[in-house]
Amino acid sequence: MKKLFFLVLTVLMVACSSDDDATCNVSDASLVGTWVGTEDDDDGSGPYTVTLVFNDNGTGSLDDSEEIFSFDYTSNDSQVTLSVLGTDIVTFNYEFDTCDQVSIYETPDPGEEADIVVLTRQ
């Protein structure tokens with residue numbers, strides 16, 4: 001009976017242990033997915049919601065609460081370049097705060113502060 005008890009206890013301990021595969025290393029985080037954040041409007045009318053979608057095939061979309069733009073993108077460990085309609089190119093710097101939160105910004109002009117937008121994975 002004792003052996004059966006310890007066998008059941010062992011199975012329960014293994015079944016209830018934490019799942020190490022669910023943890024994320026920020027250095028391995030990926031932009032692929034849907035990201036949502038809030039941006040301040042340049043004309044002072046208040047904040048608006050920004051939704052960025054990065055597909056794993058190098059395409060995506062940007063919804064800035066007024067319009068939805070499709071884009072192609074390339075990225076490395078710290079920058080993502082968006083090509084909108086094949087002509088306009090915008091490069092953003094980014095840094096993962098956590099696996100589900102990323103700070104993204106354009107390089108500011110000398111002497112100016114970066115306008116950082118924090119996006120959360122949905």
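Table for the structure above
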read-out: Cβ-defined net charge surrounding residue 29, 13 Å radius [Lys, Arg +1; Asp, Glu -1]; value: -4
read-out: Where a label projected 7 Å from the Cα of residue 66 along Cα→Cβ would reach, residues of the stretch 108-122 with amide N under 19 Å; value: 115-117
read-out: Prolate/oblate/rounded label for the stretch 30-122 (Cα gyration tensor, a/c 1.5); value: rounded
read-out: For residue 101, net neighbour charge (Lys/Arg +1, Asp/Glu -1) across residues whose Cβ lies under 12 Å away; value: -2
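Only the coordinates and a few stated rules stand behind these numbers; no lab work does. Predicted, not measured: the structure shown is a model, and the values here were computed from it. Every residue, glycine as well, gets a Cβ built from its backbone with ideal geometry; the counts of neighbours run over all protein chains shown.
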